[in-house]
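The values are calculated or read from the model by the stated rules, or taken from the named source; none is laboratory data. Just so you know, these numbers come straight off a predicted model, no measurement behind them. Positions of Cβ are backbone-derived with ideal geometry, glycine not excepted, and every protein chain shown enters the neighbour counts. For accessibility, only protein heavy atoms count, side chains too; no ligands or nucleic acids. Shrake-Rupley method; radii C 1.70, N 1.55, O 1.52, S 1.80 Å.
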Amino acid sequence: MISQLTVFLANEKGRLAAACRTLADADINLAALFIADTADFGIVRIFCDRPNRAAAVLAEAGFRASITPVIAVSVADEPGALARLLGFCHEASMNVEYGYCFSVAGGTAVDVLKIEGEGAEEALAAAGFKILAPEEVYVVDED
Amino acid sequence: MYFQPEIETMPRAELQALQLERLRESLRNAYENVPLYRERFDAAGVTPDDLESLEDLTRFPFVVKQDMRDNYPFGMFARENADVARIHASSGTTGQATVVGHTAADLENWGDCFARGIAMVGGSRESTIQVSYGYGLFTGGLGAHAGGEAMGCTVIPTSSGNTKRQVQMLKDCKTDILCCTPSYALLIADTAIEMGYDPATEFQISGGIFGAEPCSENMRQEIADKLGLQYCDVYGLSEIMGPGVAMECAERGGLHIAEDQFYCEIIDPDTLEVLPDGEVGELVITTLTRECSPMIRYRTRDVTSISAEPCACGRTHRKIGRILGRTDDMLIIRGVNVFPSQIEQVITEFPEVATQYQIVLTSRGPLDHVELQVETEPDFPIDEVRALEDLRGRLGAALKGNLQVAVDIKFVEPKTIARSEGKAKRVIDLRGETH
C-alpha cells in the first residue's frame, strides 16, 4: 500500500490554490492531483513526496487533510494495460471505489486504485501485477 | 420523599384557593408600594380588588426586564432598606444590571423551595450537599446553600473553580448531592476520571441538582452516567428569586413549579394571549409571597409548556417542561417555530459531526431556505464521498423528523465556523436581504 494525501475543500474560489500554496511553501512536490467534486465540497487526492509531512502541514494550516492507503500498480504505457487490470479486478469481484492513472518516464504508467475491503493487493501481486512500494514512487518520510 | 408534604401534595382545589388568596395579597403589595405597578394598574383600569379568580390575572399588565433596568436600582422594591436582608443582581451582560431585594422571609421561602428539590433526589438532613455554583451576586451559590441549610444538610460551600479540589471534597467528604451548572458537573466528572477515579462506583454521590444554563438530553445522560446519580433539573431566575422556582422529581416528566409561591402562565409571545396547558409559549411568572421584589406577570422570555397531568411522585403542583429556548432565539421557518437548541440536540446524536454549527437562513422565492453548516470530526473518513453523502442523508432525515422543516446540510472546512468562549453566533438570518 502507498499513502495518498486526501484533502477536504469547500467548493469555493481560491480554496485549491490556498491548499497548493501551503504545500508549495513546505517544499512538497506533487506527482499527480485529482479532484472529486460535489456542489458543496471537493475531495482532492494527491500523490506527492513526503505525504505524512504534507498532511501535517495542511492540518496545521487549518485544512482537513488525511492519509489514505491506496494500491499503485506499475503497468506498461500502452493501450489495454488499464483494461487488463480492471478486468482482473472485476473477475475477482473487487469493488473499485475510485482510481486514476499517470504516465511516468521510461514507458510505464502508474494505475492507482482504491479497492474496497482487504486482500486486494496480495491478490493482484499473486496474479502477476507489479505492485509499487512507497519508496518506488515518492520520498518516504519518517513519521 | 417530600420536604413539605402538606404543601407539595396539597389537593388542587385547596392549592388554588391558597394561590388566589396570596395573589390578591401580592397584587396589593405591588400596588401599594411600587409606583410602577400603581401607574400600570391605574392605566389598565384595574385594582387588586378586581381579582376574583386566578383567571382575572389576565386583566393585569405585564412587566419585563427593561422595567427593572429603568428602575435601577431600587425603584421596584416594595420594602424599606431596614427590611431588606440581601440583594442579588443579574450579570448585566446584555445591558444594565437588574437588582432584586430579599427580606428575611423571602430568603426563608427560597430555602424551602430549593430544599424540596433536595428531597426529590433523595436528600435529607443526613445528606452532605456540595455547592459548586459560584457564590456572590449570582443566585446559584447562595440559593442552593439556603436549600441545604433549610433541609438541615451538611453544606460544603466549595463555590466554583479549583476543580481538582472539588473532586477531592466529593470523595473525602462523601458528598451525596452536588449542585452546580451542567457544564461544570461534566468538567468535575471528567476531572475525577482523569485523576484515576470512577466517580459512578467509587464516590458516594447519588443526586445532582443542575441548572442555570441549557443542557441537551445527551449531555444530561452523560453527567448522570459518569457521576452515577439522579439528575434534577432546576429552574429559576434572579428576577423572580433564583434556583428553585421549579424542580424535577424522580419521574423525570418535567419540573414541579413551587405553585404555593409562584403563579405561572404560558402566553403567545406575539398576541400575548394566555395559552391552555400543554401548549408551548412564553412562561410568565407572578410571585405570590415575595415581599421586597414582587413580580406581577413577569415575562421570562423562556419558552416551555405547562403540564397539569397528575405526577406519579404524588406532588400536585403542575410541571413545566424543559426550557426549549428563549423567545429571542426562536426562529420562525416556513411558519414553524424552531429553536437552535433543537438543532443542537440532533447534532449531538451524531458523533461524526463536530458540535460547532451555523444556521444560514435565506429566501428562495416565497419560501425560507435553511442551510446548516457543520464540520466533520477530525477522524471522519473524508476520502469517501459516499460516507459523506450517507452522513448528510442521515443528518438531514433526523433534522426533518425533529423540526418538521427540511434542512440542507453543508459540510464546511475546519474553523469556517467561528469558535466562541461565550455565546456563539449560531444563526445568520439573511431572509430580509435576499428577497
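Relative contact order for the stretch A:2-68 using alpha-carbon pairs under 8 Å, separation at least 6, rounded to a whole percent? Provide the component values of the computation, followed by the final result.
Details: 116 pairs, mean separation 32.0, N = 67.
Normalised by residue count, the contact order of the stretch A:2-68 is 48 percent.
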Exposure rule at most 14 other beta-carbon atoms within 10 Å, DSSP loop GluC sites (Glu not before Pro): chain A longest free segment: A:13-115
The stretch B:81-211 - charge dipole about Cα centre, Lys and Arg +1 at Cβ, Asp and Glu -1, debye rounded to 20: 160 debye
Taking only the C-alpha atoms, wrap a convex hull around the stretch A:12-87 and report its volume per residue in Å³ as a whole number. 131 Å³
Largest first and to the nearest Å, give the Cα extent of the stretch B:322-435 along each principal axis. 38, 33, 27
Shape of the stretch B:82-194, Cα gyration tensor, a/c cut at 1.5: oblate
Using 1/(1 + (r/R0)^6) with R0 = 51 angstrom and r between the beta carbons of B:ASP56 and A:VAL140, what's the FRET efficiency to the nearest 0.05? 0.05
Taking every DSSP bridge whose two residues both lie in the protein assembly as shown, the antiparallel percent to the nearest 5 is 75 percent
Eligible lysines near A:LYS130 by straight Cα distance, threshold 22 Å, same-chain separation 8 or greater: A:LYS114
Cα Rg over Rh - chain B, Kirkwood: 0.99
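On the accessible surface of the stretch A:70-132, probed at 1.4 Å, how many percent belong to carbon and sulfur atoms?
Exposed carbon and sulfur together represent 54 percent of the surface.
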State the antiparallel share, in %, of DSSP beta bridges confined to chain B, rounding to the nearest 5. 65 percent
At 1.4 Å probe size, what's the solvent-accessible area of B:TYR72? Round to the nearest 10 Å². 110 Å²
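Might you tell me the accessible area per residue for chain A, computed with a 1.4 Å probe and given in Å²? Numbers along the way, then the final one.
Details: 7110 Å² over 143 residues.
Accessible area per residue: 50 Å².
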Which value at 222 nm does chain B reach when only helices count, each DSSP H run of 4 or more adding -39,500 (n - 2.57), with the total divided by all residues and rounded to the nearest 500 deg cm²/dmol? -9500 deg cm²/dmol
extent check for the stretch A:70-132: Cα max minus min per principal axis, descending, whole Å, gives 32, 18, 17
Dimensionless Rg ratio for the stretch B:169-295, taking C-alpha atoms and the 2.2 N^0.38 Å reference: 1.26
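Average partner chain C-beta neighbours within 10 Å, per residue of B:376-389?
Neighbouring Cβ atoms belonging to other protein chains average 5 per residue here.
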Please work out the Cα center distance from the stretch B:65-84 to the stretch B:354-410, rounded to the nearest Å. 47 Å
Over chain A: helical MRE at 222 nm, DSSP H runs n ≥ 4 each giving -39500 (n - 2.57), nearest 500: -8500 deg cm²/dmol
Need one value for A:2-8: mean number of C-beta atoms belonging to other chains within 10 Å of its residues' C-beta atoms. 3
Radius of gyration and Dmax for the stretch B:224-309's Cα atoms, expressed in Å? 13.9, 44
Based on DSSP loop calls and a cut-off of at most 12 other Cβ atoms within 10 Å, the longest stretch of chain B free of exposed GluC sites (Glu not before Pro) is what? B:127-272
Can you list the residues of the stretch A:5-49 with backbone N under 12 Å from a point 7 Å past the Cα of B:VAL360, pointing along Cα to Cβ? A:10-13, A:40-41
Semi-axes (Å, rounded, descending) of the ellipsoid equivalent to the protein assembly as shown per its C-alpha gyration tensor are 61, 27, 20
Interface A:B - total buried accessible surface [probe 1.4 Å, Å², rounded to 100]: 1700 Å²
Positive-end residue, the stretch B:1-120 charge dipole about Cα centroid, Cβ charges, pick of B:GLN66, B:HIS102, B:CYS113: B:GLN66
Could you pull out every residue, at least 5 positions away or on a different chain, whose amide H is within less than 5 Å of the one on A:CYS48? Hs are placed 1.01 Å off N in the peptide plane, and Pro or chain starts have none. A:LEU5, A:ALA31
Heavy-atom accessible area order for B:SER127, A:SER3, A:SER103, largest first, 1.4 Å probe: A:SER103, A:SER3, B:SER127
